[in-house]
Amino acid sequence: MTVAMKIITRSLQEDFGDCHILWVYSGRRGVHCWVSDKHMREMKYDLRSAIVSYLTLIKGTGDKKKKLTLKTDAKWRHGLHPMITKSIEIVKSYFEKYANQDQGILSTEKGINRVMDMLPDEVTEIRDRVGSWKSSIGSSDGQQSSKRWKDLVVMLEDDNNERIINEIMLEFMYPRLDANVSTG
């Protein structure tokens, strides 16, 4: 939730004006972002929808294996929209601790399978190596997950696939918005 709040706060304040924001824990699965600026409160449905669309990167449901594909465009620095680039910076600063040490994403068969689903077929050698990690699963030790993540990053960087690294980190940590709540 920390990462989600930082990404949404940054985007609302920098991309849509200096918004006054209050984060409220929902008591169930997440947090609500209350924006108290008059222009935001009085915004029409279609404008709220456009903001939600702008902030939505993760597409699809639990059935879909890969829910994010970063599209590049030469007009943007680094080929990615600035909102995405800034979100990646935020996610990177938290990914190792939350996704690896705390959640151990690469220390369970389910986590390894999820990461493998995000790897494209073209990186066969890398997919095979990641798949081999399933045979040495012992516990949900975050240290093991962190080491595997570092190994995966090196493998993908050596293969010039930074985009895949960013997609994996974003898919695990980028906020999911409830469009109905946000636009209503």
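The values are calculated or read from the model by the stated rules, or taken from the named source; none is laboratory data. Note that the coordinates shown come from a computational prediction; the quantities given were computed from them, not determined experimentally. Here Cβ is always computed from backbone atoms with ideal geometry, including for glycine, and neighbour counts include all displayed protein chains.
Does Leu12 satisfy being closer than 20 Å to Met173 by Cβ, part of a helix (DSSP H, G or I) and touching a residue at least 12 places away in the same chain (Cβ under 8 Å)?
So Leu12 fits the description; yes.
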Within the range 44-55, is there a residue that is of a type in the set (Gly, Ala, Ser), crowded, with 17+ Cβ neighbours inside 10 Å and either touching a residue at least 60 places away in the same chain (Cβ under 8 Å) or over 27 Å from Gln143 (Cα atoms) (or both)? no
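Picking from Ile51, Ile105, which residue would you name as being of a type in the set (Val, Ile, Thr), within 18 Å of Ala4 (Cβ to Cβ) and in contact with a helix residue (DSSP H, G or I) (Cβ under 7 Å, 6 or more places away or on another chain)?
Ile105
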If we keep just the residues of the range 51-97 that are assigned to a helix (DSSP H, G or I) and modelled with pLDDT under 75, which is nearest to the chain's Cα centre (by Cα)? His78
Identify all residues within the range 24-60 that are in contact with a Ser or Thr (Cβ under 9 Å, 6 or more places away or on another chain), closer than 26 Å to Asp117 by Cα and not hydroxyl-bearing (Ser, Thr, Tyr); write none if there are none. Leu55, Leu57, Lys59
Which of the residues spanning the range 152-173 are free of Cβ contacts under 8 Å to residues at least 24 places away in the same chain and in a helix (DSSP H, G or I)? Val153, Val154, Glu157, Asp158, Glu162, Ile165
